[in-house]
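Undergrad: Take this structure, written in structure tokens, and hold onto it; I'll ask about it next.
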Amino acid sequence: MLPKENRLRLDKDIKTLFAKGKGVFGVICGIKYRSNHLSVSRFAVVVGIKVSKKAVVRNRLRRQIRAMLRQELEHFRPGYDLMILVRPAAVNQTRDEIQTDLLKNLKKTPVL
């Protein structure tokens with residue numbers, strides 16, 4: 001689990017990020033990001049019902065991506081809100097393939 005200070009939780013913040021944030025999208029996941037003028041970066045992971053009808057699958061993907069973010073947390077620049085949008089292609093991929101796509105997309109943002 002991500003530290004509490006690194007979680008993007010408020011609905012208002014998530015809606016603002018979704019509406020006004022810039023995006024980078026790959027095959028497995030996409031990233032919306034926006035500057036937040038805080039001393040930390042905050043993250044949210046969104047796995048919609050279109051990815052899988054089964055909550056077990058959606059929650060597993062969410063946990064895996066949060067673990068990947070936690071491992072890379074010290075490398076992120078502070079002051080950004082990020083939303084990881086998981087696509088349906090992620091269901092059939094291995095953890096390594098998901099991590100590769102996520103890191104490739106993160107490198108396209110000013111956060112990493």
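Undergrad: Is it the case that the range 12-35 has a residue that's in contact (Cβ under 8 Å) with a residue 24 or more places away in the chain, of a type in the set (S, T, N, Q) and crowded, with 17+ Cβ neighbours inside 10 Å?
TA: no
Undergrad: Exactly one condition in (1) over 14 Å from the mean Cα position of the chain (by Cα); (2) in a helix (DSSP H, G or I) is not met by Ile49; state its number.
TA: The number of the failed condition is (2).
Undergrad: Among the listed residues Val56, Val91, which satisfies the condition of being surrounded by 14 or more Cβ atoms within 10 Å (Cβ to Cβ) and over 18 Å from Lys108 (Cα atoms)?
TA: Being surrounded by 14 or more Cβ atoms within 10 Å (Cβ to Cβ) and over 18 Å from Lys108 (Cα atoms) holds for just one of Val56, Val91, which is Val91.
Undergrad: Within the range 59-88, restricting attention to residues that are touching a strand residue (DSSP E or B) at 6+ places or on another chain (Cβ under 8 Å), of a type in the set (A, V, I, L, M, F, W, C) and assigned to a helix (DSSP H, G or I), which residue is nearest to Pro110 (Cα to Cα)?
TA: Once the filter is applied, the top-ranked residue is Leu69.
Undergrad: Could you grab me the full set of residues in the range 36-46 that are without any contact (Cβ under 8 Å) to a residue 60 or more places away in the chain and part of a loop (DSSP other than H, G, I, E, B)?
TA: Asn36, His37, Leu38, Ser39, Val40
Just so you know, all these numbers are worked out from the coordinates, no wet-lab data involved. Small disclaimer: the values here were computed from a predicted structure and weren't measured. In this analysis, Cβ positions are derived from the backbone assuming ideal geometry, glycine residues included, and neighbour counts consider all displayed protein chains.
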